[in-house]
1. Scan the stretch 81-88 and give yes if some residue there is touching a Gly at 6+ places or on another chain (Cβ under 8 Å) and either at negative phi or modelled with pLDDT of 95 or more (or both), otherwise no.
2. So is Thr78 open to solvent by 20 Å² or more (accessible area, probe 1.4 Å), out of contact with any Leu (no Cβ under 7 Å at 6 or more places or on another chain) and over 23 Å from Ala172 (Cα atoms) or not?
3. Would you check which residues across the stretch 342-358 are open to solvent by less than 40 Å² (accessible area, probe 1.4 Å) and either of a type in the set (S, T, N, Q) or at positive phi (or both) and list them?
4. If you check Glu536, Glu521, Glu554, which single one turns out to be in contact with a strand residue (DSSP E or B) (Cβ under 8 Å, 6 or more places away or on another chain), over 26 Å from Glu184 (Cβ atoms) and of a type in the set (D, E, K, R)?
5. Could you count how many residues in the stretch 30-52 are in a strand (DSSP E or B) and either under 15 Å from Thr106 (Cα atoms) or not hydrophobic (A, V, I, L, M, F, W, C) (or both)?
6. For the subset of the stretch 263-316 comprising residues that are within 19 Å of Val327 (Cβ to Cβ) and out of contact with any helix residue (DSSP H, G or I) (no Cβ under 9 Å at 6 or more places or on another chain), which member is surrounded by the most Cβ atoms within 10 Å (Cβ to Cβ)?
7. Condition (residue is closer than 20 Å to Gly222 by Cβ, in contact (Cβ under 8 Å) with a residue 40 or more places away in the chain and open to solvent by less than 30 Å² (accessible area, probe 1.4 Å)) applied to the stretch 22-32: is it met by at least one residue?
Amino acid sequence: MGSKSSIFVAIDFGTSYSGFSYMFSTDPDTIITASHGSILPDDRVPTILLLNPDNSLNSFGIIAEDNYAKLMMSGKHTGYRLFREFKMALYANNERLDSDINIYDTENRPMNAMTVFSMVINLFKELVLKSIKQSKLSQTYSFENDIIWMITIPAIWSDSARQFMRRAATLAGIDEKCLRLVLEPEAAALYCKDQQLHISTSPRGSCLKPKSKYILADLGGGTVDFCVHEVLPKGEIRELYRVVGGVFGGSNVNNEFIQFLIKLFGAPVMKKFKKTQYYDYLMLTRGFEHVKNTFDSGHTNTFVIGIPITLIQMAEEDSDSSVETLVKQSVYASCVEFRDGNKFCCKEELMETFYKSSLHGIITTLNEIKSCCTENVDTLLIVGGFSESQYLREFIKRKVQIKDLVLAKEPRLAVLKGALKMGLKPNTIISRRARYTYGFRVAVPFNRNLHPQSLKFRREGKYFCDRIFSKVIERDMDLKVGQSFKVNVNEEIPTNKNMNLSIALYRSPKKNPTFCLESDEECTEVGTINIKAPREGWPSRYNIDQFLIADETELKVKAIDKTNGRELQTNVTFL
């Protein structure tokens, strides 16, 4: 698909920041980003969406936030809807998603998530087309036919979240034949592989050469992904350990700061402040974001946060006490001092508490990789917006036994630019490790020594045990793109010979689950394989070879009718 295409487009739809980039195959060294031609004010802008009262698009990015603040100040915001960090709705604790799930705006009003996601993707699609049309090379291309769209997703997303994003992209008008989902850490890895990295064992700087082994940490605003790779002799990459991660990105630090204010002033005060003084709330949170990004423990003994006068007045009116007194009477008395009537002068240990939950997740996961991965890996590459925190990098150096910690060049753009490289070289990642064990629910002859009575049932005069887990893919298995796994289904058709078949697909974090039971085996139904009945209907007994195929980022299926060798119409639904 990539070799025949002329234009590659990457859309990085992030939790905190989003952007796009593209390149022409005739000039792969020139990458054009969202800020070129003033299409967007920056390469990546905040993932914030403002809708008009009729649910049409008003604006996106920091402009959306500013517009909403102005509307609130003039009392004209009624009916407008602001959405922030809504991508996290697709993480959903890795559970199976519903295609009709809702997300909520800042006023806690629901809206169909698929509508919102497709609206944002369509916005980026239109911005990309606008930017391409401004290019001098655009006259030689027929846009829609020549574009391959690469949309980045977290590697730790569930099967249903991946399918959700694919469906949202097609609803946004992107032809599915021209669409590829790209795992964010893999895109970043491809970007880093060809960069001059300043590794301590190579003082002049070098690229990742064959036999190089490394951990790549994609530290984003919402999620954090870790993958372990080896560079092979021909430059391909294989995964050495399954992708792991969690919801402990940079947004957690900001959330901890808000919790700090809630503990000082009370939840009702903060709720009222955000609702009635939204502009001041924005200035407060943006000010903290700057402080967070520049914080460096050991070099910055104190940091200062400006507190809006409106918040101070609300807090003092609510408590009938001064803010200075509130601080002195709080658990933060030893590390926070109120000065100059509107500033918090804070000791570094306070910022360290804001980072604590994120760092705990990152360090715990890195140590898990180090202890479980059988390969000797001494290099840690870090990318993503959160990786630009000096304090974060120094903390990791102190807490993880790693020889080289390398911050990639332009870490916040590594995913965006790497996704384009995956378009040019679609088969660079040649194998991945299965994150879960997959299989089907089957029935076998009942054995009283092996099977519980609760799963016993009678069929055709014989006793069987239901809910046996028939394993197809095992967790940590090395999966090559296109690799298929065959399962034969040979059963009687009950009554309707024209009925479509629905076969449940199950998943477990255990390597060898015995039963399809959530309580004992952590085994959950994650998808449904749908097989359309042949035109002439099923015979009295159908005999199907069913293939589960490991595609680049998703599982696909194929079914062959063994009675005549024909391929049946089939699909797998994770939503």
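1. So far as the stretch 81-88 goes, yes, one or more of its residues are touching a Gly at 6+ places or on another chain (Cβ under 8 Å) and either at negative phi or modelled with pLDDT of 95 or more (or both).
2. Yes; evaluated as a whole, the condition is true for this residue.
3. Selection gives Ser358 alone.
4. Glu521
5. Summing the residues that are in a strand (DSSP E or B) and either under 15 Å from Thr106 (Cα atoms) or not hydrophobic (A, V, I, L, M, F, W, C) (or both) in the stretch 30-52 gives 7.
6. Gly287
7. Looking for residues that are closer than 20 Å to Gly222 by Cβ, in contact (Cβ under 8 Å) with a residue 40 or more places away in the chain and open to solvent by less than 30 Å² (accessible area, probe 1.4 Å), one finds none in the stretch 22-32, hence no.
This table checks each residue for (1) open to solvent by less than 60 Å² (accessible area, probe 1.4 Å); (2) closer than 30 Å to Val243 by Cβ; (3) in a strand (DSSP E or B); (4) in contact (Cβ under 8 Å) with a residue 60 or more places away in the chain.
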site	(1), (2), (3), (4)
Lys486	no, yes, yes, yes
Lys497	no, no, no, no
Ser502	no, yes, yes, no
Glu525	no, yes, yes, yes
Arg535	no, no, no, no
Gln546	yes, yes, yes, yes
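The values are calculated or read from the model by the stated rules, or taken from the named source; none is laboratory data. Everything numeric in this text was worked out from a predicted model, so none of it was measured. All Cβ positions, glycine included, derive from the backbone under ideal geometry; neighbour counts span all protein chains shown. Remember, those area values only see protein heavy atoms, side chains included, never the ligands or the DNA or RNA. Shrake-Rupley method; radii C 1.70, N 1.55, O 1.52, S 1.80 Å.
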